[in-house]
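The values are calculated or read from the model by the stated rules, or taken from the named source; none is laboratory data. Computed from a predicted model, the values in this text were never measured in an experiment. Heads up, the Cβs are rebuilt from the backbone with ideal geometry, glycines too, and the neighbour counts pull from every protein chain shown. Just the protein is used for accessible areas: all its heavy atoms, side chains included, with ligands, DNA and RNA removed. Shrake-Rupley method; radii C 1.70, N 1.55, O 1.52, S 1.80 Å.
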Amino acid sequence: LAYSAVADPYNTAIDAAHARYATRQTLEDHQRYWGLLARADKAFIDGIKKIAFPPELQADADVLIKADTAFQERARAVARARSLAEVISLSAAANDAADVVTAKAAILRKGLDLGY
């Protein structure tokens, strides 16, 4: 399915970022980690935009794209943070946005009858 062809590489990239930067202690670690997430998200969003969803699921796809774009903007902001205090503040908002994306993706996956 087209969705899986986009989501699987995205999930692999996110897992790799988590594994590589499991313990982020320096500002540079945080910047690189959030930069990787933002780049993975850009590829995911670009891929989702190219999929011709069934008409009854297009609105769910549009909501996911909007939510993921908001997350990507927040991830980019964390990647540009100038201090660990700024990382902590900005990453809280990014993590909240990620939770929204997870919920919206679950709605779309359910509509597509995907079990993951």
The listed residue being hydrophobic (A, V, I, L, M, F, W, C) and more than 18 Å from the chain's Cα centre (by Cα), out of 59, 93, 70, 97: 59
Residue count for segment 31-50, restricted to those that are open to solvent by less than 30 Å² (accessible area, probe 1.4 Å) and not hydroxyl-bearing (Ser, Thr, Tyr): 10
Conditions (1) open to solvent by 70 Å² or more (accessible area, probe 1.4 Å); (2) modelled with pLDDT of 95 or more; number of the one not met by residue 79: (1)
Residue in segment 13-25 that is under 24 Å from residue 107 (Cβ atoms) and open to solvent by less than 50 Å² (accessible area, probe 1.4 Å) present: yes
Filter result for residue 105 (part of a helix (DSSP H, G or I) and either touching a Gly at 6+ places or on another chain (Cβ under 9 Å) or open to solvent by less than 70 Å² (accessible area, probe 1.4 Å) (or both)): yes
In segment 1-12, the residues that are open to solvent by 80 Å² or more (accessible area, probe 1.4 Å) and at pLDDT below 95: 1
Test: residue in segment 49-66 that is within 17 Å of residue 17 (Cβ to Cβ) and in contact (Cβ under 8 Å) with a residue 12 or more places away in the chain: no
Top-ranked residue of segment 53-76 - restricted to ones that are hydrophobic (A, V, I, L, M, F, W, C), touching a helix residue (DSSP H, G or I) at 6+ places or on another chain (Cβ under 8 Å) and surrounded by fewer than 19 Cβ atoms within 10 Å (Cβ to Cβ), ranked as farthest from residue 1 (Cα to Cα): 70
Which listed residue is among the charged types (D, E, K, R), under 23 Å from residue 25 (Cβ atoms) and assigned to a loop (DSSP other than H, G, I, E, B), from 82, 76: 82
